[in-house]
Amino acid sequence: MVRVRYAPSPTGIQHIGGTRTALFNYLFAKKNNGEFILRIEDTDQKRLVKGSIEALLEILEWLGIKPTGEIIYQSQRLELYKKYTKELVDKGIAYESQGAVFVKVPGEKTFSWTDLVGNKKISFGGKTQEDFVVLKSDGFPTYHLANVVDDHLMEISHVFRGEEWISSTPKHLYLYESFGWEPPQFVHLPVILGADKKKLSKRHGAKSALDYKKEGYLKETILNYMAFLGWNPGGKREQLSLDEMVKLFKLEDINTANPIFDQAKFEWLNGVWIRSINDLDKRLEEFYSNDKDVLDVLRSEKAKEIVNAAKSRMKTLLDFKALVDKNPAREKTDKEKEIARKLLNFLNEKMGEKWKDEELLAAMRQFSKENDISFKTIFFLMTGKESGIGILELNQIYGKDHLIKNLQS
Ligand code: GLU
């Protein structure tokens, strides 16, 4: 039976790297009809940050990678850790000093395991390991002890965590051995790097899934992109839904190389997802639930057409507002004003009562050619924007009055 756990410490809001660990656990559990458990490792009382557990739960809920069963809080299991500490002392493995309990790792030992990322054997000599604390003087266990005790008691089959924990694994293996327990399999995920090839961190502007949500990223994009930070099922497909990823997920396809968080790619993928979901209007309503101007647009008669026209030009939901804002992006220069007047006269002469697409296009071409004015300029004069929803689409959605108003303003 596959049983995995996501074991965050609530010492701040997890950035995307931590949430990626949750996702890999989830994918592996679902793929193998196993269980995915959430265990809050809240034993370092000094480092607890208020609100981090709430944020964590909100992220999992929003992304739809919900754990099975109850949430385990290590701070509620202190008696258990004390009991196992005593066992280590009784066995002569641990000793007490200054109110804390330490484990001494015998120098002659070697600790090895085959890491399932890349199937590589990793070994550490006992001499590399300093004595380490298992129970602090405040009665709380350290990460090492609580982690091993719980992984054992919860019958965890595979431990997924970032490769920064590799150096702790020999200590854990020594604890398993000392208790006479079978260790789980280890899956140390390659650490995510920023564009500068340094470990992605808060200082890099590494953000949490909730920050990305606020910036108008879809949950589909976040899940999809996170999975590809360290995993690739082969083939050329870059857009995969959570269900598809579950079906394709294999440990052999986790890369040993460190993935780089590529902001441009992330944005591109969000655009792809924005164009593929079929409830974009609903997502926009949720996203702009406090923005009356945008809500008015979304509830207008032309909402469907507007969303459709905007869709292909959006990288984030945030882009929608600028696209549908009817106010010009900037004032026209005097020269532009002159061209606008000329263009308006020209169109008035050329076009009939209703501006038909082909006629409008032909007229713009002719004006552009005869006066040596770029389409870019014409676009700005008629839409008020440097880029955005096209002239023909605006003509369809709002009618010619909108374009005339821009030329006149
Ligand atoms: N509490 C550790 C963390 O915050 C868990 C590491 C592990 O999964 O063993 O990452």
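Side notes on the structure shown:
- A single entry from 358, 305 fulfils the requirement of being under 28 Å from residue 409 (Cα atoms) and open to solvent by less than 90 Å² (accessible area, probe 1.4 Å): 305.
- Residues (under 29 Å from residue 134 (Cβ atoms) and among the polar types (S, T, N, Q)) located in region 20-60: 21, 25, 43, 45, 52
- Residue 306 being more than 29 Å from residue 28 (Cβ to Cβ) and touching a residue at least 40 places away in the same chain (Cβ under 8 Å): yes
- Residue match in region 151-164 (condition: within 10 Å of the ligand (Cβ to nearest atom), aliphatic (A, V, I, L, M), without any contact (Cβ under 8 Å) to a residue 40 or more places away in the chain and buried (at least 21 other Cβ atoms within 10 Å of the Cβ)): no
- Residue within region 118-127 that is over 30 Å from the mean Cα position of the chain (by Cα), away from the ligand (no atom under 16 Å from the Cβ) and open to solvent by less than 20 Å² (accessible area, probe 1.4 Å) present: yes
- Matching entry among 198, 213, 236, 207 (being under 30 Å from residue 112 (Cα atoms) and charged (D, E, K, R)): 198
- Cβ pairs under 7 Å, 6+ apart, first in region 394-409 and of a type in the set (Asp, Glu), second open to solvent by 10 Å² or more (accessible area, probe 1.4 Å): none
- 3 or more residues within 16 Å of the ligand (Cβ to nearest atom) and touching a residue at least 40 places away in the same chain (Cβ under 8 Å): qualifying strands (runs of 3 or more DSSP E) within region 1-115: 3-6, 110-115
- Residue ranges of strands (runs of 3 or more DSSP E) in region 123-241 with at least 2 members in contact with a helix residue (DSSP H, G or I) (Cβ under 8 Å, 6 or more places away or on another chain) and closer than 22 Å to residue 63 by Cα: 158-162
- Scanning region 128-150 for residues that are in contact (Cβ under 8 Å) with a residue 60 or more places away in the chain and under 27 Å from residue 227 (Cα atoms) yields 143, 147, 150.
Residue-wise test of (1) open to solvent by 60 Å² or more (accessible area, probe 1.4 Å); (2) within 30 Å of residue 149 (Cα to Cα).
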| residue | (1), (2) |
| --- | --- |
| 170 | no, yes |
| 173 | no, yes |
| 185 | yes, yes |
| 191 | no, yes |
| 206 | no, no |
| 210 | no, no |
| 216 | no, no |
| 222 | no, no |
| 231 | no, yes |
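The values are calculated or read from the model by the stated rules, or taken from the named source; none is laboratory data. For clarity, every value in this text was computed on a predicted model and none was experimentally measured. Quick reminder, even Gly has a Cβ in these numbers, built from the backbone with ideal geometry, and neighbours come from all protein chains shown. Accessible surface areas use protein heavy atoms only, side chains included; no ligands, DNA or RNA. Shrake-Rupley method; radii C 1.70, N 1.55, O 1.52, S 1.80 Å.
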